[in-house]
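Since the structure comes first, as structure tokens, the remarks are kept for the end.
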Amino acid sequence: MTGSSPAAVGPRRARGRLGRWRDQAVALGWLVLVWNLLWGDLTWGNLVGGLLVGGAVLVFFPLPAVSFGGRLRPWPLLVFAARFVVQLVSASLHVARIAVQPGYRPRGAIIAVRLRVASDLNLALTAEVISLVPGTLVLEVDRDSGTLYLHVLDTHEPADLDVARDRTLTVERRIVRAVGSDAELRRAEKASPERGTRP
């Protein structure tokens, strides 16, 4: 007769609880980050407000468990943060130029971008980062296929759609480099043949 001894079950339960607490801490950290980005100012008040709002969201609106199977890499995380700030400033200036240019009517397009790592966590993080960049909006997320449907501002030719798609996959790759597992990183580094489509 085989079975797990109480001595073996105890550590497994402890590791399971630790994993759940870790996942909750990661989710709270991202919620606090998004809260501060939405306010546009990093202050103690916004940090405390983000903790309170994020904690309330996790308690009163619990989402399905999203397991964090990756590992945190400090240097790629710093690279991701720096590149995100540069992209945020560049996109903001581009949208501001469009807004003040007399008589200019930008064309928009909708593209479908299939991510190479279709985990719930990667879908959520990539969609959040893309949505925070002016000029790009996530319209829908297909969880089954790992596809993001994006509205892209100011497109003139099919090459612009390819640029937007490649930019999205680059964001995904930076996120996976920062917090993904080794297996996810290998998938993210692979080239994908799919291209965006104009409506």
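The values are calculated or read from the model by the stated rules, or taken from the named source; none is laboratory data. Remember, predicted model here, so these are calculated numbers, not experimental data. All Cβ positions, even for glycine, are placed from backbone atoms using ideal geometry, and neighbour counts span all protein chains on display. Areas reflect the complete protein model, heavy atoms only, side chains present, ligands, DNA and RNA absent. Shrake-Rupley method; radii C 1.70, N 1.55, O 1.52, S 1.80 Å.
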Is there a residue being under 18 Å from GLU128 (Cα atoms), exposed (fewer than 15 other Cβ atoms within 10 Å of the Cβ) and out of contact with any Leu (no Cβ under 6 Å at 6 or more places or on another chain) anywhere in region 93-104? no
Residues that are touching a Phe, Trp or Tyr at 6+ places or on another chain (Cβ under 8 Å) and closer than 23 Å to PHE80 by Cα, at least 2 per element: which helices (runs of 4 or more DSSP H) completely within region 98-199 meet that? 120-132, 158-179
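Before we move on, is GLU184 modelled with pLDDT of 90 or more and surrounded by 13 or more Cβ atoms within 10 Å (Cβ to Cβ)? Spell out the reasoning first.
Working: modelled with pLDDT of 90 or more: no; surrounded by 13 or more Cβ atoms within 10 Å (Cβ to Cβ): yes.
Judged against the criteria, GLU184 is not a match.
For ARG114, are the conditions met, namely being out of contact with any Cys (no Cβ under 8 Å at 6 or more places or on another chain) and open to solvent by 80 Å² or more (accessible area, probe 1.4 Å)? Give the derivation first.
Values: out of contact with any Cys (no Cβ under 8 Å at 6 or more places or on another chain): yes; open to solvent by 80 Å² or more (accessible area, probe 1.4 Å): yes.
So ARG114 fits the description; yes.
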Among (1) among the hydroxyl-bearing types (Ser, Thr, Tyr); (2) without any contact (Cβ under 8 Å) to a residue 12 or more places away in the chain; (3) within 28 Å of LEU185 (Cα to Cα), the one test that TYR104 misses: (3)
Return yes or no: is THR168 over 25 Å from ASN36 (Cα atoms), hydroxyl-bearing (Ser, Thr, Tyr) and open to solvent by less than 20 Å² (accessible area, probe 1.4 Å)? no
Can you find even one residue in region 75-90 that is over 29 Å from HIS156 (Cβ atoms) and over 17 Å from the mean Cα position of the chain (by Cα)? yes
Restricting to region 61-89, count the residues that are modelled with pLDDT of 85 or more, open to solvent by 70 Å² or more (accessible area, probe 1.4 Å) and not β-branched (Val, Ile, Thr). 4
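Taking ARG22, is it assigned to a loop (DSSP other than H, G, I, E, B), within 20 Å of ILE175 (Cβ to Cβ) and among the charged types (D, E, K, R)? First the steps, then the outcome.
On the way: assigned to a loop (DSSP other than H, G, I, E, B): no; within 20 Å of ILE175 (Cβ to Cβ): yes; among the charged types (D, E, K, R): yes.
Criteria not met by ARG22.
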Enumerate the pairs (first residue in region 113-124 and over 17 Å from LEU72 (Cβ atoms) and in contact (Cβ under 8 Å) with a residue 60 or more places away in the chain; second residue anywhere and open to solvent by 40 Å² or more (accessible area, probe 1.4 Å) and in a helix (DSSP H, G or I)) with beta-carbon separation below 6 Å, excluding pairs fewer than 6 apart on the same chain, so at least 6 apart or on different chains. ARG116/ARG187
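Got a sec? Which of LEU123, LEU139, LEU148, LEU132 is open to solvent by 50 Å² or more (accessible area, probe 1.4 Å), closer than 30 Å to GLY29 by Cα and in contact with a Leu (Cβ under 8 Å, 6 or more places away or on another chain)? Before the answer, list the steps.
Numbers: LEU123 fails: open to solvent by 50 Å² or more (accessible area, probe 1.4 Å); LEU148 fails: open to solvent by 50 Å² or more (accessible area, probe 1.4 Å); LEU132 fails: open to solvent by 50 Å² or more (accessible area, probe 1.4 Å).
Step by step, each of LEU123, LEU139, LEU148, LEU132 is checked, and only LEU139 is open to solvent by 50 Å² or more (accessible area, probe 1.4 Å), closer than 30 Å to GLY29 by Cα and in contact with a Leu (Cβ under 8 Å, 6 or more places away or on another chain).
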Mind listing just one residue for me: the one in region 1-54 that is closer than 22 Å to SER131 by Cβ, modelled with pLDDT of 85 or more and of a type in the set (Gly, Ala, Ser) and, of those, surrounded by the fewest Cβ atoms within 10 Å (Cβ to Cβ)? GLY29
